[in-house]
Amino acid sequence: MTLTPEWATKEKKSSRLTRSSKILKVITKAIQDKKGEHIVSLDLRKIPEAVADFFLVCEAGSTTQVKAIADHIEESVWENCGERIYRHEGHGALHWIIIDYINVVVHVFQPETRKFYKLEEMWSDAVLAEVQEPEPQAKTVRNKKR
């Protein structure tokens, strides 16, 4: 039997958290790029029965937007983090797509489906953080010379 030194365990947790943090940032930006709304992060690390470290939840106004957000998340995480999805579900009906990266699970909902399942209430022991919408870029207006 081999024992893992305590520092190695801390190092593993630290690198996993760093990787998860990067994935979370990339996913958040991907959702914002496709105009996903009401983005919420749930930190599940202190819940023993949790299936992941983090949930990222957002909503989209149509089935087309749900698919666009999910596809963009998968492409962005692969391009920026080199991570492929472990599993995804919901591409048939497009009311709720789940994208599973093991430690980070993304839920892209249509508003009615999100209200029905109340995921944030179900995991109410988690630390919830609302992701702020990015500030709109100020557009510069140029005066045309006549």
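Size descriptors for region 85-133 (Cα atoms only): Rg and Dmax, in that order, 11.8, 31 Å. Restricting the trypsin sites (Lys or Arg not before Pro) of region 37-118 to loop positions (DSSP other than H, G, I, E, B) with no more than 12 neighbouring Cβ atoms within 10 Å leaves Lys46, Arg84, Lys118. In region 36-130, the ratio of gyration radius to Kirkwood radius, Rg to Rh, stands at 0.95 when only Cα atoms are counted. When the GluC sites (Glu not before Pro) in region 32-103 are filtered for DSSP coil states and for at most 15 other beta-carbon atoms within 10 Å of their beta-carbon, the remaining sites are Glu49. Viscosity 1.567 mPa s, temperature 4 °C: give me the Stokes-Einstein translational D for region 56-96 in µm²/s, with Rh taken as the Kirkwood radius over C-alpha pairs. For these conditions, the coefficient is 118 µm²/s. Remark: the Asp33-Leu128 segment gains 32.0 nm on full extension, using 0.36 nm per residue and subtracting the alpha carbon distance. Per q in 0.15, 0.27 1/Å, what log10 I(q)/I(0) does a Debye calculation on the alpha-carbon atoms of region 23-79 return? Each listed q maps to, in turn, -0.45, -1.05.
All of the numbers you see were taken from the coordinates with simple rules; none came from a lab. Here the structure is a predicted model, which is why all the values come from computation and not from measurement. Positions of Cβ are generated from backbone atoms using ideal geometry, with glycine treated the same way; all protein chains shown enter the neighbour counts.
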